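The values are calculated or read from the model by the stated rules, or taken from the named source; none is laboratory data. Note that the coordinates shown come from a computational prediction; the quantities given were computed from them, not determined experimentally. We place every Cβ from the backbone using ideal geometry, glycine too, and count neighbours over all the protein chains shown.
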Amino acid sequence: MSGVFVISLDFELYWGMRDVISVEGYSSHLDGTPKAVEEMLTLFNKYQMHVTWATIGFLFYKDSEELKRNYPAKLPAYKNDEINLYSYMEQNPIKNAYHFAPKSIDLIISYPNQEMATHTFSHYYCLEEGQDEISFYADLEACKKIADEKEIKLTSLVFPRNQYNESYLGVIEKVGITSYRGNEKGWIYDAATEEQKKTPLKRALRILDSYVNVSGYHTYKLVEIAKQTPYNIPASRFLRPYSAKLAFLDTLRLKRITDAMTYAAKNGELFHLWWHPHNFGVNTQENIAFLTLILEHYKILELQYGFRSLTMTEVSEKLA
């Protein structure tokens with residue numbers, strides 16, 4: 001099998017940010033997300049990219065009342081109530097444009113080669129105290145229900161906040177998930193609770209790793225991925241969004257990604273790039289221009305080495 005290029009996006013809007021920043025502080029990103037989704041889809045279509053959109057189930061609904069009528073059979077009982085979206089719903093005003101995206105979802109599935117995957121129903125935290133297999137299973141069943149209504153078959157999953165939990169692999173397989181996005185190798189990317197992630201050293205090293213090769217290329221041999229199901233299609237690189245303050249380093253940021261892509265293409269390995277649609281909600285044109293450079297490099301590798309763009313489910317189908 002030739003080398004494979006995977007792109008996945010974690011589509012979560014404000015649900016994935018509310019414990020990090022206020023809705024007012026993030027409003028510009030959220031206001032720009034629908035347009036960013038349109039621009040990305042246009043670009044993906046132009047370059048014939050196969051892309052996985054890991055979307056939380058909440059986004060499928062039009063408003064909070066419709067969502068509440070479709071809650072899972074069992075809700076998580078996190079010890080830290082700040083991460084509980086169900087508590088957040090009851091205690092805060094919900095702005096539909098910042099919390100729901102049925103029109104964007106319909107647009108995504110109208111484009112060719114775009115896979116709708118799951119980011120769980122409620123941005124479920126799989127390592128936090130108070131979660132359990134029963135409520136996680138109920139969460140995924142709620143995802144399946146709303147996806148079925150749109151005739152979408154969910155077969156890929158991205159763990160929210162990259163809280164990969166090996167004990168849940170049996171659960172995701174039970175609901176028909178054939179692949180998931182695991183974390184990059186190395187201690188700075190290990191799955192961790194929100195409290196464990198707050199170490200300044202890890203954060204600093206992850207930022208540095210976006211510009212220079214601190215931790216390696218993070219490309220993966222397909223024969224190794226094929227050894228265990230559900231298939232772990234690990235992340236290689238987070239596409240850090242444009243920053244005016246750090247724009248002078250963008251040549252390094254691009255090279256960090258394209259060098260790894262080239263290595264994967266030459267060696268028949270997999271490279272997996274990911275980010276959030278809301279990352280492109282501001283500085284949209286700068287982010288689209290940077291993504292265009294990545295996709296142009298992909299097309300060169302496709303021509304030279306047979307590098308292939310595949311969704312997570314398409315990778316699992318090839319491996320099977």
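Figures for the structure shown
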item: Residue ID - surrounded by the fewest Cβ atoms within 10 Å (Cβ to Cβ), chosen from residues in segment 105-150 that are within 19 Å of residue 17 (Cα to Cα) and in contact with a strand residue (DSSP E or B) (Cβ under 8 Å, 6 or more places away or on another chain); result: 120
item: Segment 22-40 - residue that is out of contact with any Gly (no Cβ under 8 Å at 6 or more places or on another chain) and buried (at least 21 other Cβ atoms within 10 Å of the Cβ) and, of those, nearest to residue 239 (Cα to Cα); result: 40
item: Pairs, first over 13 Å from residue 104 (Cβ atoms) and at pLDDT below 95 in segment 45-58, second among the charged types (D, E, K, R) and not in a helix (DSSP H, G or I), C-beta under 7 Å, six or more apart; result: none
item: Pair list, Cβ under 7 Å, 6 or more apart: segment 141-157 residue of a type in the set (Asp, Glu), other residue part of a loop (DSSP other than H, G, I, E, B) and buried (at least 19 other Cβ atoms within 10 Å of the Cβ); result: 141/72
item: Which listed residue, of 290, 280, 307, is of a type in the set (A, V, I, L, M, F, W, C) and within 13 Å of residue 270 (Cβ to Cβ); result: 307
item: Matching residues in segment 134-183 - criterion: being part of a loop (DSSP other than H, G, I, E, B), polar (S, T, N, Q) and farther than 13 Å from residue 117 by Cβ; result: 163, 165, 183
item: Residue 40 vs. criteria under 19 Å from the mean Cα position of the chain (by Cα) and part of a loop (DSSP other than H, G, I, E, B); result: no
item: Qualifying position, being in contact (Cβ under 8 Å) with a residue 24 or more places away in the chain, farther than 30 Å from residue 97 by Cα and surrounded by 16 or more Cβ atoms within 10 Å (Cβ to Cβ), among 240, 256; result: 256
item: Among residues of segment 167-190, those that are of a type in the set (D, E, K, R) and more than 18 Å from the chain's Cα centre (by Cα), counted; result: 2
item: In segment 172-196, the residues that are hydrophobic (A, V, I, L, M, F, W, C), surrounded by fewer than 21 Cβ atoms within 10 Å (Cβ to Cβ) and modelled with pLDDT of 95 or more; result: 175
